[in-house]
Amino acid sequence: MTARSNILGKLRNSLAGTTPRPDEFDEQLVTRPWQYPPAARVERLRSLMEAVHTEVHQVSATDWPALVADLLNRRNLSNLLCAPATDHGKALQHYWQTTGQRSQLLAYDRPIEQWKTALFENVEASITGTIGGIAATGSLVLWPDRHEPRLMSLVPPVHIALLKASEIHDNLYDLMTAQRWAAGLPTNALLVSGPSKTADIEQVLAYGAHGPKELIVVILDQA
């Protein structure tokens, strides 16, 4: 018997003869104070994120690649990292191929060990999807996977995040229940409310100390 099996066995045996405590969870306690009219969710999320140094744009679900290209050109960025296996990655690649953009489109398509130095030293911006947003706190929810690892949103100095307006929920509880997280929790979920910042040193607020210096949110309006 392994040590793990031994520990789990002791835990199960310790429950013998006990009575489960009734579930006293009150859903209203975590939802009622943070509910908004559907039309107000986008504006609330936007105002909260802009208040903490996030740049927010709203565009149609078909025009966002042109906006992304413009954002890169305005900042004179020479490359953008994307996940080629995702739908937005494929859309971006198609737009780049058909319009001849100046900046280079990089693909996260190999293990980090094969290009760690290039990722940390040469990549200037990245773009990822999100699984939703939270109006109550002005937060994005990212669900990293093998196509879009967590490093994509943490390492490049500029992070562009795509968010569907229809996937902005009132609060975290509503998002989790709507997406049925209980049926399959993510290995890693990220809640992002703004660019990386710290005021540890001499109480001076600095951006980019532990992650992207710039966070750009592109909200996609569905047709």
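Miscellaneous remarks
- Qualifying residue in the stretch 14-30 (condition: touching a Cys at 6+ places or on another chain (Cβ under 7 Å) and among the small types (Gly, Ala, Ser)): no
- Number of positions in the stretch 17-46 that are within 17 Å of Ala135 (Cα to Cα), loosely packed, with under 10 Cβ neighbours inside 10 Å and of a type in the set (D, E, K, R): 0
- Options Gln93, Gln28, Gln58: the member that is among the polar types (S, T, N, Q), within 30 Å of Tyr173 (Cβ to Cβ) and modelled with pLDDT of 95 or more: Gln58
- Qualifying residue in the stretch 173-184 (condition: surrounded by fewer than 17 Cβ atoms within 10 Å (Cβ to Cβ) and in a loop (DSSP other than H, G, I, E, B)): yes
- Any hit, the stretch 109-121, residues being more than 29 Å from Trp34 (Cα to Cα), surrounded by fewer than 13 Cβ atoms within 10 Å (Cβ to Cβ) and touching a Leu at 6+ places or on another chain (Cβ under 8 Å): yes
- Verdict on Pro156 being crowded, with 21+ Cβ neighbours inside 10 Å and either without any contact (Cβ under 8 Å) to a residue 40 or more places away in the chain or part of a loop (DSSP other than H, G, I, E, B) (or both): yes
- Residues of the stretch 185-196 that are in a strand (DSSP E or B) and surrounded by 16 or more Cβ atoms within 10 Å (Cβ to Cβ): Leu190, Val192.
Residues checked against (1) of a type outside the set (D, E, K, R); (2) under 23 Å from the mean Cα position of the chain (by Cα); (3) closer than 13 Å to Val218 by Cβ:
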residue	(1), (2), (3)
Val68	yes, yes, yes
Leu77	yes, yes, no
Asp87	no, yes, no
Lys90	no, yes, no
Arg102	no, no, no
Tyr108	yes, yes, no
Phe120	yes, yes, no
Ile127	yes, yes, yes
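- Neighbours by Cβ (under 7 Å, 6+ apart or cross-chain): first from the stretch 121-147, part of a loop (DSSP other than H, G, I, E, B) and modelled with pLDDT of 95 or more; second aromatic (Phe, Trp, Tyr) and surrounded by fewer than 24 Cβ atoms within 10 Å (Cβ to Cβ): Ile131/Trp143; Ala135/Tyr36; Ala136/Trp34
- Search result, residues across the stretch 197-223 that are modelled with pLDDT of 90 or more and surrounded by 17 or more Cβ atoms within 10 Å (Cβ to Cβ): Pro212, Glu214, Leu215, Ile216, Val217, Val218, Ile219, Leu220
- Scanning the stretch 37-61 for residues that are in contact with a helix residue (DSSP H, G or I) (Cβ under 9 Å, 6 or more places away or on another chain), more than 20 Å from Lys213 (Cα to Cα) and polar (S, T, N, Q) gives a single hit, Gln58.
The values are calculated or read from the model by the stated rules, or taken from the named source; none is laboratory data. All values reported here derive from a predicted model rather than from experimental measurement. Quick reminder, even Gly has a Cβ in these numbers, built from the backbone with ideal geometry, and neighbours come from all protein chains shown.
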